[in-house]
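Worksheet: one structure, shown below.
The values are calculated or read from the model by the stated rules, or taken from the named source; none is laboratory data. Computed from a predicted model, the values in this text were never measured in an experiment. Quick reminder, even Gly has a Cβ in these numbers, built from the backbone with ideal geometry, and neighbours come from all protein chains shown.
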Amino acid sequence: MKKLAEEATMENVLESIKENKYNRSQDVMDFIMALEQIEENMFISLDAKWGAGKTFYVRQIEQTLDYLTRKAKKINIEENVEIAFSKNPLGSLQLKHTYFPVYYNAWLYDNHGDPLMSLILNITKACECYYDENLSGNTLSDKIISLIDSFSFSIGCIQVGSNFGNVKEKFSGRDILSVVKTEEEIRDKVKEIFDSIITENVQKLVIFIDELDRCRPSFAIEMLERIKHYFDDDRIIFVASVNKEQLIHTITRYYGDGFDSTTYLNKFFDVNVCFPEIDNSFREADEEDENKSLLYKISDELSDYYKLTFRDYLIYKQRIHSIRSKQVNGDVMQGILFSVFVSIIVMLDIVDIAEKQKFMSAESNILDELFMQIPTLYRIACRLGNSNDLSDECYREGYLEIQKVYHFAFSNRKEILRYDGKIGMHTNFKEMCVGICNGFK
């Protein structure tokens with residue numbers, strides 16, 4: 001079974017561009033055209049919760065900028081990349097600037113001693129493909145080696161391209177500050193590196209920093225401070241995709257509860273952008289493919305009610321899709337109840353594990369809330385009230401039957417409970433629900 005929640009690999013990112021999955025192309029285009037208007041150094045935050053799809057989005061922007069710059073500079077473009085953009089309006093964009101985009105996953109490098117050096121090495125590795133013949137790789141290597149002596153850091157086992165063998169060799173075993181430099185000298189060396197990368201190759205350097213809110217506090221804070229201090233160059237734009245709420249918590253843990261973390265964080269960002277929501281039209285197509293079965297109707301309404309992130313939605317739908325049991329759906333009331341309880345159990349497993357544990361022991365009141373708020377569940381309760389009438393009285397009568405099933409089936413005290421409802425049901429109803437959720441029934 002193929003996972004619905006795909007990883008943002010280059011293959012998947014290019015496929016998403018080719019197919020315009022979730023109608024993201026216009027959002028990518030809008031962001032790039034906004035970048036075109038920036039004429040100075042800028043630090044942009046792209047704010048959304050974890051699992052909303054930020055990584056896919058910024059990697060689509062990165063790949064689009066890369067493709068358009070290669071096309072403008074007549075640099076070789078791989079066949080699979082050309083095919084992807086030939087199917088998408090993004091491939092025909094006309095830009096006034098050329099861009100060198102760099103994607104940096106901060107979480108992969110937060111074990112390094114100095115975030116600035118790991119970032120510069122990532123930039124250095126990525127820039128090989130933009131070299132003109134008049135730019136020597138050794139020249140850039142020499143400038144980076146010169147910068148090394150200004151820092152105390154531990155870089156780990158980062159791999160760099162063949163042009164930078166001297167850089168890698170220089171890093172080996174270097175964890176102690178050898179030569180103390182002034183801040184002005186360090187800034188000058190950083191500027192020299194970017195002069196080599198930008199001036200002779202492209203007009204703008206766009207650095208996408210991802211997963212910063214997942215890093216250890218000291219690394220995240222030092223990354224922000226290093227960037228603000230050393231990257232004050234009108235040719236450089238930073239885009240940090242973050243969950244600002246989590247990043248504020250990270251800063252608070254580092255500096256203490258009395259620290260104004262929100263104000264501190266805001267001083268780093270020049271522009272705050274809210275992440276554009278995924279177009280929900282793909283849900284309608286999903287519903288149509290599944291013939292709007294009861295299980296899928298309930299699961300979609302629960303997804304909307306809990307406002308799942310994009311990733312959690314895909315995980316939830318994947319688990320619902322994996323259910324192949326003949327026990328669910330149909331007009332038989334027990335089958336309808338399987339659809340009800342299975343969809344709720346799977347949802348609680350994703351959004352609130354503590355509530356799920358209570359639910360599985362008949363100690364939860366969540367059904368009171370859900371049956372009133374989820375339209376399909378409300379109608380099921382009314383149907384149990386022996387009428388198609390959606391009146392409160394009919395609902396209360398039917399919901400009483402739901403409660404009888406729930407407390408008898410899920411209680412751990414079955415030996416002292418007696419089921420006196422009117423629905424014919426298996427005595428091991430709970431165990432069957434669990435088996436269906438696990439794909440065993």
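Observations on the model:
- The criterion of being closer than 30 Å to Leu308 by Cβ, surrounded by fewer than 17 Cβ atoms within 10 Å (Cβ to Cβ), outside the structural domain of Phe310 (by TED's automatic domain parsing) and at pLDDT below 90 does not hold for Asn76.
- No other residue among Ala354, Ala362 is surrounded by fewer than 20 Cβ atoms within 10 Å (Cβ to Cβ), modelled with pLDDT of 90 or more, assigned to a helix (DSSP H, G or I) and not polar (S, T, N, Q) apart from Ala354.
- One residue from Asp389, Asp368 being outside any helix (DSSP H, G or I), free of Cβ contacts under 8 Å to residues at least 24 places away in the same chain and acidic (Asp, Glu): Asp389
- Residues (in a loop (DSSP other than H, G, I, E, B) and closer than 14 Å to Val206 by Cβ) located in the range 40-79: Glu40, Asn41
- Filtering the range 247-271 to residues that are surrounded by 14 or more Cβ atoms within 10 Å (Cβ to Cβ) and in contact (Cβ under 8 Å) with a residue 60 or more places away in the chain leaves Phe268, Phe269, Asp270.
- The lone exception for Asn266 - which of (1) at pLDDT below 90; (2) closer than 22 Å to Gly53 by Cβ it fails: (2)
Conditions (1) touching a Lys or Arg at 6+ places or on another chain (Cβ under 8 Å); (2) farther than 27 Å from Arg24 by Cβ, marked per residue:
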residue	(1), (2)
Ile209	no, no
Arg226	no, yes
Ile236	yes, no
Leu247	no, no
Thr252	no, yes
Phe259	no, yes
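- Top-ranked residue in the range 27-39 [being touching a residue at least 60 places away in the same chain (Cβ under 8 Å) and either in a loop (DSSP other than H, G, I, E, B) or not assigned by TED's automatic domain parsing to the domain that holds Asn80 (or both); ranked as farthest from Leu212 (Cα to Cα)]: Glu39
- Residues within the range 341-362 that are in contact with a Ser or Thr (Cβ under 9 Å, 6 or more places away or on another chain) and either on the phi < 0 side of the Ramachandran plot or outside the structural domain of Tyr399 (by TED's automatic domain parsing) (or both), tallied: 10
- Some residue of the range 51-66 being in contact (Cβ under 8 Å) with a residue 12 or more places away in the chain and surrounded by fewer than 17 Cβ atoms within 10 Å (Cβ to Cβ): no
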